[in-house]
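To start, the structure itself, in structure tokens.
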Amino acid sequence: MDLALSLSGSSPQNAVLLAGGVVVSLVLFYRWALPKPIPGIPYNKESVNSIFGDASSMVAHTSKTQEMFDWMVQQNVKLKSPIIQLFVRPFGKPWVVIADFRETQDIMVRRTKEFDRSIFFSEISGKITPSSHFSMRTDAGFRKHRRWIQGLMGLGFLHDTAAPRIYEAGLDLLQLWEQKSRIAKGHPFTAAEDIYRTAMDAIWAIVFGADPDNNVTKAQLRLYATIKSIELNNDLDTEAELPAAPFPAAVQSVLTLTDSVSTSIKSPVPKLAHWRLRQTATMKKAYKDKDVFLQEEIQKALNRVTGKKANEKLITCAIDDMIQREMLLAEKEKREPEVLSSGMSDEILGFIMGGHDTTATAITWGLKNLSDFQDVQSKLRDELHAHHAEAVAEKRLPTFQEINTTTVHYRDAVIEEILRCSNTEYGGIRTAMVDADVLGYRIPKGTEVFLMGNGPSIFSPEFEIDDSLRTPSGIESKDKIGVWKHKGMAEFDPERWMVEDKATGQKVFDPSAGPLLTFGLGERGCYGRRMAYVEMKLLITMIVWNFHLHKCPEALSTNAAIDKMTHVPQQCFVRPVKLLR
Ligand code: HEM
């Protein structure tokens, strides 16, 4: 008999058959949807009994703390293994999480054919810069885009274009804090937004050239010039709440787009979470505004580049350099230039977002460290004075050239330690491009591999791993980077980067003293690392030279963070007092 015909009848027997069929289908679906562990790699045993896997535990943690990456590495510690798997995406493949610096270094630096840039960030930020090289595998498209920004990390561009723009933004910050300190009358005030504004002014001017209409610190200064005083609590340990000037549309669009990632990054269904955000009026406006301003800026740059006379040197900002480079490449390759392409505008926006959020976040952590560790702040100021004796004698701030070209070992150690402790980025992610063996386990092709720089090896003792489980290249490179002493690994201590120079007996900064993963590593490590150091050198020197950052009350100095595009401190208060020269 035809089954459909029989089921269409309404006898109790048929109803039972139908219900049984539904139950069997649901059971089969449930069993299909349960997490499928990769053989051998440790995991939370209870997680394979639910289709949500580890997602419920992760969401519970992120809802409580606003952080996610600390939870991931805690699972390595809990499972006592440098390599584990987590089931975070319902119906998706497991994530492999590795918390061992030597293995991470091997994967990022030497096993680049087996592990390439992950699609994780494209998923969480999908439609913001889909054609930027950040989202690409290391292929021909990636190399083409890289050529556009090739000139921007050269010493010439960094010293002649980037450094003066950062210094100018820093001078505005110093003025802003004089104004804020005047109004706050000794109360602490939040500094995070000031630093994000300064970093935005710096990168904006580096990319587009000086742009007073979009200078967001100067807008803040104009606002404070009109404020004589504000209402303050009698308790000097309470926050002085100061108003903020609104951002111009173009800058606001970049900030809104950057911030949108904070929702999708912690969602088990990031594409859907970001899609929902994109339906809001705020996000629609942000997309529209950024398209308008980018097209306008590209057109202006194109006019500048094509209008310049032969042999005229005109590169004053990143966008001109990028466009000129693409015009020359197109001419050489006998094709139309792709100056007005979505690839070019995504590359420009990606450069601004990559350069702004990261450096600002690292500096906000730095301000917290310097306020909490008064001895480090004093030693840093003494070292800066000793190395810029002429500026001290002339009672002035060192120039950007002086700061940029003077080696101050202790300052470099302080910056490296700020970067290490900030966890601005927790490490990196790669996709296994083939079935690959790691630490004795086979990771199947297509698996997302999280390489953690926020746990064992960096902040707690490394796992003991037999060398027989490592690759020959991993064994060979064993001593290239030092190992942190186990005592006090999690503490902020710049001295860990200072080692004795055998020839002179002096203590000098050693960037290989121990592991650091904040910039990632290898060919797909941070492209802007050199610019980040220039910015941190300049801004930290300028701040410490001009102000004593007094300790803030404990209630305003927690180390809690929020995982967004970067690992942002929830509190960044300062109590700066201007130093007389
Ligand atoms: C403290 C500041 C910074 C931190 C902590 C940081 C961190 C990172 C990290 C972790 C990555 C991914 C690395 C990997 O997967 O191995 C990355 C990539 C990148 N960063 Fe940075 N970054 C900083 C500053 C900058 C600056 C100033 C720029 C440019 C103005 C920049 C541009 C880029 C670019 C273009 C990439 C993509 C590289 C690629 O896909 O190959 N970054 N950064």
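So here's what we get for this one:
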| read-out | value |
| --- | --- |
| Backbone HN-Hα couplings from phi across region 556-564 [Karplus 6.51/-1.76/1.60, Hz, Gly and Pro as x] | 10, 10, 6, 9, 5, 9, 10, 8, 10 |
| Net dipole in debye of the chain [+1 Lys, Arg Cβ; -1 Asp, Glu Cβ; about Cα centre; nearest 20] | 900 |
| Highest average packing first - 519-526, 98-105, Cβ atoms within 10 Å | 98-105, 519-526 |
| Dipole moment magnitude, nearest 20 debye, region 257-335 about Cα centre, only Lys, Arg, Asp, Glu C-beta charged | 260 |
| Positive-end residue, the chain charge dipole about Cα centroid, Cβ charges, pick of HIS145, PRO94, PRO337 | PRO337 |
| Efficiency of FRET between SER557 and LYS64 - r from beta-carbon atoms, R0 35 angstrom, step 0.05 | 0.95 |
| Positive-pole candidate from ILE481, ILE418, MET452, dipole of region 418-481, charges at beta carbon | ILE418 |
| Over region 78-237, volume per residue of the alpha carbon convex hull, in Å³ | 241 |
| Accessible area (Å², per residue) of region 273-349, counting only protein heavy atoms and a probe of 1.4 Å | 57 |
| Per-peptide average of other Cβ atoms within 10 Å, ordering 456-462, 571-577 highest first | 571-577, 456-462 |
| Fully extended contour minus Cα-Cα distance, from ALA490 to SER25, at 0.36 nm per residue | 162.3 nm |
| Per residue accessible area in Å² of region 453-581, where ligands, DNA and RNA are left out and the probe is 1.4 Å | 49 |
| Solvent-accessible area, 1.4 Å probe, carbon plus sulfur percent, for the chain | 57 |
| Partners for LYS332 among lysines (Cα-Cα distance below 24 Å; same-chain residues under 8 apart left out) | LYS144, LYS300, LYS308, LYS309, LYS313 |
| Residue-normalised accessible area of region 1-127, expressed per residue, 1.4 Å probe, Å² | 52 |
| Between helix 409-422 and the chain: long-axis angle, C-alpha atoms, 0 to 90°, nearest 10 | 30 |
| Gained length - LYS185 relative to ILE51, 0.36 nm times residue gap less alpha-carbon distance | 42.7 nm |
| Fraction of antiparallel bridges per DSSP, the chain only, in percent to nearest 5 | 85 |
| Highest to lowest packing among 45-55, 106-116, scored as the average C-beta count within 10 Å | 106-116, 45-55 |
| 0 to 90° range, to nearest 10: angle between helix 529-546 axis and the chain longest Cα axis | 50 |
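The values are calculated or read from the model by the stated rules, or taken from the named source; none is laboratory data. Quick caveat, the model's predicted, so the values are computed rather than measured. Positions of Cβ are backbone-derived with ideal geometry, glycine not excepted, and every protein chain shown enters the neighbour counts. The protein model used for the area step is the full one, side chains on, heavy atoms only, and it has no ligands, DNA or RNA in it. Shrake-Rupley method; radii C 1.70, N 1.55, O 1.52, S 1.80 Å.
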